[in-house]
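The values are calculated or read from the model by the stated rules, or taken from the named source; none is laboratory data. All values derive from a computational prediction rather than experimental measurement. Here the Cβ positions follow ideal geometry from the backbone for every residue, glycine too, while neighbour counts run over all protein chains shown.
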């Protein structure tokens, strides 16, 4: 009799985190689902990664304000946030 083990979500989150850590300092396109059919698409720089969140720096287009937004790795897992890395004129989707 085989023992069934449930899917371990922490392993998936660790794998997503490792994937993102390799792109720190690079330009990304961030697509975030804000609910009620509202999505925002912004360009920024992946500034830092932490054990539970990652930080994206978004430069203001009309003023000199710099905005930092943070998301959790579970946002990527649940597809609330999509990250596309823009390097060498090619796009790489991180998931």
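Here are the numbers for the structure shown:
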item: Verdict on residue 45 being at pLDDT 90 or above and touching a helix residue (DSSP H, G or I) at 6+ places or on another chain (Cβ under 9 Å); result: no
item: Pairs where the first residue, in the stretch 17-46, is more than 18 Å from residue 57 (Cβ to Cβ) and the second is part of a loop (DSSP other than H, G, I, E, B), C-beta under 7 Å, 6+ apart; result: 33/80
item: Residue count, the stretch 57-74 (criterion: surrounded by fewer than 16 Cβ atoms within 10 Å (Cβ to Cβ), at pLDDT 75 or above and farther than 18 Å from residue 21 by Cβ); result: 4
item: When residues of the stretch 19-42 are limited to those that are surrounded by fewer than 10 Cβ atoms within 10 Å (Cβ to Cβ) and at pLDDT 90 or above, the one nearest to residue 86 (Cα to Cα); result: 25
item: Candidate set: the stretch 79-94, residues that are surrounded by fewer than 12 Cβ atoms within 10 Å (Cβ to Cβ) and not in a strand (DSSP E or B); chosen: the one modelled with the lowest pLDDT; result: 89
item: Positions within the stretch 42-78 being within 26 Å of residue 11 (Cα to Cα) and in a loop (DSSP other than H, G, I, E, B), in sequence order; result: 50, 51, 52, 78
